[in-house]
Amino acid sequence: MKNNSIIIRMKQDRLLTPSSPSGSYASRFSVIYGPHAGTEELLRICVCLALQGPVQVLDFGNRSNMYFAARELRSLTNDPAAAMKNILIRRAFTAYQAATVLEQQCAVPDRPVLIFDLLSLLLDENIQIAEADRLFADLLCCIRSISSDRFVAAGIKPFPGCMENRKHLLSRVYEAADEFCQTAEMLSRGMAI
């Protein structure tokens, strides 16, 4: 599998790679910070996980491109259709739906969870800052619960300038993550956290 982007480790000395020779990912909360919410990196992780078994994709920013995953799987297995069936996708279109979807994941054991564009739904200008903070606390609580017994990875992106009043959410994600990675592109643009 080719990898065009480089991930720089920020909090620990591990990269986002399988933690054991069998290829399984350890229970932890990993975050990828990139210009497109780490979408390509999350899709590559999704492909690796789909080869091993079921993986839950939670798409909060309409970013999960399963055509990319199918192309990658075709190059890695003789039965890409079977691996694609391991990818289960749920989308949320509001921050309230995202909270519900994450709460429901707590009841589904033994399935890694990938969250595409974790913070995007909290940028809705119709959600007051205090409410966005409350919802985000709920999301983080669910993520910590899920990541206590399985792998969770989430992608985030820089906030637009008009959302300066919500940038503290990026710091809260950084603090909550067991593992925080930034793409080399973010560092070269001077947009590192």
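Can Asp124 be described as open to solvent by 60 Å² or more (accessible area, probe 1.4 Å), of a type outside the set (Phe, Trp, Tyr) and touching a Pro at 6+ places or on another chain (Cβ under 8 Å)? In short, no. Here the condition is being at pLDDT 90 or above and under 28 Å from Met66 (Cα atoms); of Ala130, Ala107, Ala95, it holds for Ala95 alone. With the structure loaded, tell me whether Val152 is among the β-branched types (Val, Ile, Thr) and assigned to a strand (DSSP E or B) or whether it fails that test. Judged against the criteria, Val152 is a match. None of Ala177, Ala82, Ala107 is of a type in the set (Gly, Ala, Ser) and surrounded by 19 or more Cβ atoms within 10 Å (Cβ to Cβ) except Ala177.
Considering (1) of a type outside the set (A, V, I, L, M, F, W, C); (2) over 19 Å from Arg172 (Cβ atoms); (3) without any contact (Cβ under 8 Å) to a residue 60 or more places away in the chain, the lone condition that Asp124 does not fulfil carries the number (2). Restricted to segment 1-76, the set of strands (runs of 3 or more DSSP E) holding at least 2 residues that are modelled with pLDDT of 80 or more and open to solvent by less than 30 Å² (accessible area, probe 1.4 Å) comprises 28-33, 55-59.
The values are calculated or read from the model by the stated rules, or taken from the named source; none is laboratory data. Note that the structure is predicted; figures quoted are calculated from it, not measured. Using ideal geometry, Cβ is built from the backbone for each residue, glycine included, and neighbour counts are taken over all protein chains shown. SASA here: full protein model, heavy atoms, side chains in, ligands and nucleic acids out. Shrake-Rupley method; radii C 1.70, N 1.55, O 1.52, S 1.80 Å.
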